[in-house]
1. I'd like to know which of B:178, A:275, A:44 lies farthest towards the positive end of the charge dipole of the protein assembly as shown, counting +1 on Cβ of Lys and Arg and -1 on Cβ of Asp and Glu.
2. Along the principal axes of its C-alpha atoms, what lengths does the stretch B:52-430 span, in descending order and rounded to whole Å?
3. What is the sum of charges around residue A:303, taking Lys and Arg as +1, Asp and Glu as -1, for the other residues whose C-beta is under 15 Å from the C-beta of residue A:303?
4. Please work out the C-alpha center-to-center distance from the stretch B:355-376 to the stretch A:25-77 and express it in whole Å.
5. Residues of the stretch A:24-49 with backbone nitrogen within less than 13 Å of a virtual label 7 Å along the Cα-to-Cβ line of residue A:300, please, listed as ranges.
6. Subtracting the Cα-Cα distance from 0.36 nm times the residue separation, let me have the gained length for residue A:67 to residue A:432 in nm, one decimal.
7. Please work out the FRET efficiency for the pair residue B:423 and residue A:473, using the Cβ-Cβ distance as r and a Förster radius of 45 Å; give the result to the nearest 0.05.
8. What's the average, rounded to a whole number, of partner chain beta-carbon atoms within 10 Å of each residue's beta-carbon in A:460-467?
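Every read-out reported here was derived from the displayed coordinates using simple, explicitly stated rules and does not represent laboratory data. Since the structure is predicted, the reported quantities are computational estimates derived from the model, not experimental observations. Reconstructed Cβ throughout: ideal geometry from the backbone, glycine too, with neighbour counts over all protein chains shown.
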Amino acid sequence: MLKPLAPDDWNYTKAAHLLNRAGFGGPPSDIQKLADLGLEQAVSRLLDYEKISDPAKNPDWAKPNPDEVRKYRETVRTGTPVEKKQAQREQRQLYQRRMTELRGWWLQRMAAGPRPFQEKMVLFWHGHFATSVDKVKNPYYMWRQNELFRRLATGNWRQLLLDAGKDPAMLVWLDQAQSRRQHANENFAREVMELFTLGQGNYTEKDVTEAARALTGWSLDPKTEQYIYRPRFHDDTDKTIFGQTGNFDGDDFIGMIMARPQSARFITAKIWNYFAGQMPSEELNTQLAAAFRANGNNFKPFLRVLFRSQEFYGDDIIRNQVKSPVQWLVSSVRMLENQLPPPLVSWGMLRQLGQDLFAPPNVKGWDGGITWISTNTLLTRYNDAQSLVEGTLPPLTAGDYAKQPGNAGGKRQMRAMKALKRVRLGGMNVEKVLTPGERDDKGTIVAALEMRLFQTSLNADQEQTLREFLEAKTKLTDADIITATRLMMSTPEFQVT
Amino acid sequence: MKNEITLQTRREFLRRTVLGSALSWTVPAFLADTFSALQAQAADSAIQTTTGKDATILVVLQMAGGNDGINTVVPYANDFYHKARPKIGLKPDEVLKLNGEIGLHGAMKGFKELYDAGQLSVIQGVGYPNPNRSHFRSTEIWQTASDSNKVEKNGWIGRYFDNACAGADTTVGVTIGNQLPEAFFAAKPKGIVFNNPQNYRFMANGNATEESYKKLNELEMSSPLPDDNSGGSIAMLPAGMPMTGGRAVDFITRTALDAQHSSEEVRAIAAKVRNIAVYPPSQLGNSLKMVAKLIGGGLATRVYYVSQGGYDTHTNQVASQQRLLGDLAESVKSFTDDLKAQGNMGRVLVMTFSEFGRRVTENANGGTDHGAAAPMFIVGDKMKSGLLGKYPSLAPQDLYQGDIKYNVDFRSVYASVLENWLKTKSAPILGKQFTPLPVV
């Protein structure tokens, strides 16, 4: 079993680590609170989020819209070509607006909501069951899946698989909605084993084709925008999966996956990687899987064991994870006690940094780790840091518009640029970040900012560079402190947590 | 007998030459048929010097998602083909005929023009033993040139850099995009990534800020990097391996240095060169447009990497493949037009690949599921053009689990590109000696 961390070993550094990984970090005061609570209470504060009320409202379109759907389908079917084209354009624009709103809604929950750990899990499941609006199209489906991940964020593994598999977004994303007994579509059957539960090498090609037959019947009713079981689509004959033969259906198949020990190994390794920042050793993975199974394949008690383990607080774990773009953005805002940029701007930043929420690159999700970092994304992070602290527009958002086909220098670009110029970001408020006492001395400014941004010190050369930068200013303004903060965010050290 | 005498004579000859003084008795006989070939080999075994003006260049073009090769290079006269694809099969008048049996997808006019000009080779039935139908695993196999049952942590282009480009500038490899492809993963990572040169820089509000940025990013790493970067190797995390020692921040520090040092050069070149050809307004079009600029401006790059996505056509394949292949052919044609206008056509080779082809039989949704072998395209001025290899049989009894069988191992194409185009030994890079396909 995992070794529990001794209560006496709990301290500020470990509290910061917990808040960074099980949440999206926070200002020194938040870390201090967790440190004061002690290990057990601190973990509970994050994990037992059901005790904290969540007043956030859902977007008003976040419900089935059968009337809207019917009207659209009718126009497309029976309207004149002009009407049809217009309806399609209007729907595209409507969907774009809703997706922008949805992205902002979710980011806001992460940055300012009362349940950061729950949102951290939603982000994990989004990367795990990586589903993209590029194919799903319907924002209601995307919201619904996101809400499903929230509802079952730390629930039961089997329940989550069944519910996620039968949710409209997944039914569209991996073509299960269109699968027929005459010719079963293998897309979901394959990915559920390869990417969601077992991993390469733990099933055969034959298992894929047979499981695809078992899954037939899981379908989507586009009229009601709900899951529907269609007996006529279902292949009601024997299948042989994992060497067992029977007239299985989709639920049976999911149950058969669950019965395989590999399904616990696979998901616990991935969860460990997400929170600890590296894949577990074989030995550790065995311990993780055992802890998961001992808790009935329920995530909450398993994660409680994980966050209270010595292993999670190892020297090779702390400050050795590359921040994902979402982590980078949300934790920067939280550490600086700042506002998120407006949804359109946040979205532009995340897309440029390689993590376009609701549009992962493929069903495998984001590779993560050091693949977040390329020469391109690193410079983009450095430049976006400037936007965050100064409250200016990120250069890349504007550049993005220029790259749209046929847009360069055109009217649409000019309009977009103008609209973007009106956008104001919060910018950093120096008074919130430094006490008057700290602000008085250039040495304490650097130290206070270091603790806030890194929860540790930079190396001596870097500290000296920063002090020299401040020393060179005859009269130190807020703008200089803001630039110094941006410089600290423009370091390799700021990209890890 | 005669052979032995020849070898003797050659050795005698070598011993009396400058070259021979270094190599004499240790040269394996099979390496050289003639003295000039031997000399070329010897020169290539040394580190490759990269200049932006005369070295050969490889452009790797990834068609991500698993392109349906059977509807790309179409066996339009084959009954099995039409029987397997009643809905999505292309009729003889919907293809651009290459001969009495095979034609290119009708959207690929640009490729047909290149073919007619002797600048396109179509390698048929490319794959590898024990094909894997997972996008991710199969992509990994193509990117790392590994056997299907082995996991290789570094990419084949990365190993080319490791083996043949030590000491070269980091711009020896350029990816247009956001993320470094697995093919570039290396013991000593090289290669830069960017998509918009204007923004490929640190934006500073004054000289003092700029100077401080440089100092903050030039400093000593937290622990010195071992030479082979065995710690934070880029290959480790995505391959799902534990990170053993070494810290993530060291990898980022190295990337920060590469970014700082390449930023100015890339921007200067991109601003200097103008494209003459008109490209389709697609991502691929924009990427190749940028590559043409960098080649025209003389960036010292040996390998460029661009990609086009969207080929995972499980449903309604006809319309999406039409659009994708049209974009591909038109973008590449524009690219070659640019290169010709620059006078660089002879220096550049474009090689396409996709992680797999698709099932012979169409599915019930007007699409195709994951398959195995597929064609590769090579575009250039100095290679063997035309139809190469043999079209795999579509007869049901010749299929394996519904897929065509490969005739050409993709690594024999890589071997040819490495040996005959990039002029380096392929065995150390590919792990063993593959017989180079006589294409380049």
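1. The one lying farthest along the dipole's positive direction is B:178.
2. 71, 47, 38
3. +4
4. Cα centres, the stretch B:355-376 to the stretch A:25-77: 41 Å.
5. A:44-49
6. Working: separation 365, 0.36 × 365 = 131.40 nm, distance 4.86 nm.
Length gained, residue A:67 through residue A:432: 126.5 nm.
7. Efficiency, from the Cβ-Cβ distance: 0.25.
8. Rounded to a whole number, the mean comes out at 3.
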